[in-house]
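Asker: Would you mind keeping the following structure in view while I ask a few things?
The values are calculated or read from the model by the stated rules, or taken from the named source; none is laboratory data. Note that this is a predicted model, so its numbers are computed, not measured. As a convention, Cβ positions derive from the backbone with ideal geometry for all residues, glycine included, and neighbour counts pool all protein chains shown. Heavy atoms of the whole protein, side chains included, go into the accessibility calculation; ligands, DNA and RNA do not. Shrake-Rupley method; radii C 1.70, N 1.55, O 1.52, S 1.80 Å.
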Amino acid sequence: MSVSDDEKRLIESRRHSPEPGRDFHVFAYGSLMWRPDFPFVEVVPATLHGYHRAFCITSTHYRGTTDRPGLVLGLDRGGMCIGRLYRIGPADAAQVAEYLHQRELITGCYVPKRVTLRLQGGGRAEGLTYVADRAHYQYAGKLGDETIARVIRHATGVMGSNRDYLRNTVQHLEEMGIADTSLHRILKLVEREV
């Protein structure tokens, strides 16, 4: 996948460097929930207020192609999102931050952002997450469930089908006790095979 020089500069400007010698926390709301692929010390449910999980990013690499783009999740403004907060130990923090930069920022469609999360039991924690960049060309905006399902149903990229991405996310939400979301509705539409 080729990116322009301007895009490369944007991506590099969004590099996150964790504080040396400290734990590094990452809030996951999509594929990082079910495929973190990095070492962590602990994972706990967490809630982010002010953003919601949405299929608002066009994917032409991981879950789609330029000829048949897919859709992936981003955090968009408003509402709330329940996900998983990973704690990475100090020895792995820099390596994990670099891995996340390579994984999440193959283009500049996400903005790494430090957020405050509410934990079960009432505690709070700070963590890094990736929010949708509404000014980026891959930002798809608010789409209806039928439109999202139609795109997801047939898209496939280097990491597999868009349908599997949706299924895995829904399965992990259910494992967390979250069983009635827009993603569940979209999955039903996708599997109905209109």
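Asker: Taking only the stretch 175-194 into account, find how many residues are touching a residue at least 40 places away in the same chain (Cβ under 8 Å), among the aliphatic types (A, V, I, L, M) and loosely packed, with under 12 Cβ neighbours inside 10 Å.
Answerer: Adding up the residues that qualify gives 1.
Asker: Same structure, new question: Could you check residue 149 against (1) in contact (Cβ under 8 Å) with a residue 24 or more places away in the chain; (2) surrounded by fewer than 19 Cβ atoms within 10 Å (Cβ to Cβ); (3) of a type outside the set (S, T, N, Q) and say which number it fails?
Answerer: Looking at each condition in turn, residue 149 falls short on (2).
Asker: Name the residues in the stretch 128-163 that are over 19 Å from residue 66 (Cα atoms) and under 15 Å from the mean Cα position of the chain (by Cα), would you?
Answerer: 128, 129, 130, 131, 132, 133, 134
Asker: Related question: Within the stretch 29-39, is there a residue that is at pLDDT below 95, within 15 Å of the chain's Cα centre (by Cα), closer than 20 Å to residue 138 by Cα and among the polar types (S, T, N, Q)?
Answerer: Among the residues of the stretch 29-39, at least one is at pLDDT below 95, within 15 Å of the chain's Cα centre (by Cα), closer than 20 Å to residue 138 by Cα and among the polar types (S, T, N, Q), which makes the answer yes.
Asker: Would you check which residues across the stretch 40-62 are closer than 21 Å to residue 175 by Cβ and either within 10 Å of the chain's Cα centre (by Cα) or surrounded by 14 or more Cβ atoms within 10 Å (Cβ to Cβ) (or both) and list them?
Answerer: 40, 43, 44, 45, 46, 47, 48, 52, 53, 54, 55, listed by residue number.
Asker: Could you go through the stretch 89-105 and let me know if any residue there is part of a strand (DSSP E or B), small (Gly, Ala, Ser), in contact (Cβ under 8 Å) with a residue 24 or more places away in the chain and open to solvent by 10 Å² or more (accessible area, probe 1.4 Å).
Answerer: Within the stretch 89-105, not a single residue is part of a strand (DSSP E or B), small (Gly, Ala, Ser), in contact (Cβ under 8 Å) with a residue 24 or more places away in the chain and open to solvent by 10 Å² or more (accessible area, probe 1.4 Å).
Asker: Any idea which of 111, 131 is open to solvent by 30 Å² or more (accessible area, probe 1.4 Å) and in contact with a Phe, Trp or Tyr (Cβ under 9 Å, 6 or more places away or on another chain)?
Answerer: The unique qualifying residue is 111.
Asker: Which of (1) modelled with pLDDT under 95; (2) part of a loop (DSSP other than H, G, I, E, B) is the odd one out, the single condition residue 135 does not satisfy?
Answerer: (1)
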